[in-house]
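The values are calculated or read from the model by the stated rules, or taken from the named source; none is laboratory data. What you see is a predicted model, and the numbers here were worked out from it, not measured in a lab. Backbone-built Cβ (ideal geometry, glycine too); neighbour counts: all protein chains shown. To get the accessible areas, we keep the full protein, side chains included, count just its heavy atoms, and leave off ligands, DNA and RNA. Shrake-Rupley method; radii C 1.70, N 1.55, O 1.52, S 1.80 Å.
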Amino acid sequence: MMGRTIFIDPGRCIGCQACVSACRECDSHRGKSMIHLDYTDEGHSVASLPTVCMHCEDPVAPCAEVCPADAILVTADGVVQQADTTRCIGCANCVNACPFGVPKIDLQAKLQMKCNLCYDRTAYGLAPMCATVCPTGALFYGTLEELRAERPGVQVADSFTFGATTIATGVAMVVPADKVQWPVPGGLPIVEVNGVDVR
């Protein structure tokens, strides 16, 4: 997990879409939101989940690993960048490789679009746009120590298992203490959290 990062707390999300609107306002995204709000059981529940790039660390981010044009770069501090527009060929390999369902293809521009942790802000110590406007703290930006100081006893996951593959991420998710299974971004059930079987 990165030092300062986003912690996603699905139990606090009220589906207000302030994060989506704030992301759309960011200059580097040209009016498009790079965050998605997923409704985990649409039609049966109001539960929602903000989906941001998890900035996979180990193995190398799957989206970057499968890019034939080397358009997706990972910064020295672990931020998986949005595809370089001068290199991206719009092949959608990254979309298919991401286990969290984050990258999207802009069909008109034929370019990959995804959250880059507001690198134009976080590189200078500022919080990402989404975390600055979240009224409930469902998106918290800071260190694990800062999160635990604000929310004593909180547990977080930064390692997720999909089939036989475990992916360590730079972004972490708050794990509800009283729940053993819940959906992660992309709608996949969690079977293992930080190496512990939760089935």
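Return the residue satisfying two criteria in turn: it lies in the stretch 67-94 and is within 19 Å of residue 118 (Cα to Cα) and of a type in the set (A, V, I, L, M), and of such residues it is modelled with the lowest pLDDT.
So in the stretch 67-94, the residues within 19 Å of residue 118 (Cα to Cα) come out as 71-85.
The next check asks that each one be of a type in the set (A, V, I, L, M); those that pass are 71-74, 76, 79-80, 83.
Working: 71: 95, 72: 95, 73: 93, 74: 93, 76: 89, 79: 92, 80: 94, 83: 93.
Checked the stretch 67-94; the qualifying residue modelled with the lowest pLDDT is 76.
Quick one: would you say residue 108 is surrounded by fewer than 16 Cβ atoms within 10 Å (Cβ to Cβ), in a loop (DSSP other than H, G, I, E, B) and not hydrophobic (A, V, I, L, M, F, W, C)? Let's see the steps before the verdict.
On the way: surrounded by fewer than 16 Cβ atoms within 10 Å (Cβ to Cβ): yes; in a loop (DSSP other than H, G, I, E, B): yes; not hydrophobic (A, V, I, L, M, F, W, C): yes.
Yes; evaluated as a whole, the condition is true for this residue.
Can you tell me which residue in the stretch 46-69 is most open to solvent (accessible area, probe 1.4 Å), limited to those that are in a loop (DSSP other than H, G, I, E, B), in contact with an Asp or Glu (Cβ under 9 Å, 6 or more places away or on another chain) and within 22 Å of residue 168 (Cβ to Cβ)?
Among those residues, the one meeting the criterion is 59.
Take the stretch 27-40 and flag every residue that is farther than 17 Å from residue 136 by Cβ and either polar (S, T, N, Q) or open to solvent by less than 50 Å² (accessible area, probe 1.4 Å) (or both). Break it down into steps so the answer makes sense when it comes.
Step one: filter the stretch 27-40 for residues farther than 17 Å from residue 136 by Cβ, giving 27-34, 36.
Answer for the stretch 27-40, where residues must be farther than 17 Å from residue 136 by Cβ and either polar (S, T, N, Q) or open to solvent by less than 50 Å² (accessible area, probe 1.4 Å) (or both): 28, 29, 31, 33, 34, 36.
Being under 29 Å from residue 66 (Cα atoms) and open to solvent by 30 Å² or more (accessible area, probe 1.4 Å) narrows it down to one residue among 169, 86; which is it? Reasoning before the result, please.
Values: 169 fails: open to solvent by 30 Å² or more (accessible area, probe 1.4 Å).
Answer to the check: 86.
Part of a loop (DSSP other than H, G, I, E, B), open to solvent by 50 Å² or more (accessible area, probe 1.4 Å) and at positive phi: which single residue out of 3, 43, 78 fits that description?
On the way: 3 fails: at positive phi; 78 fails: open to solvent by 50 Å² or more (accessible area, probe 1.4 Å).
Checking each option against the conditions leaves just 43.
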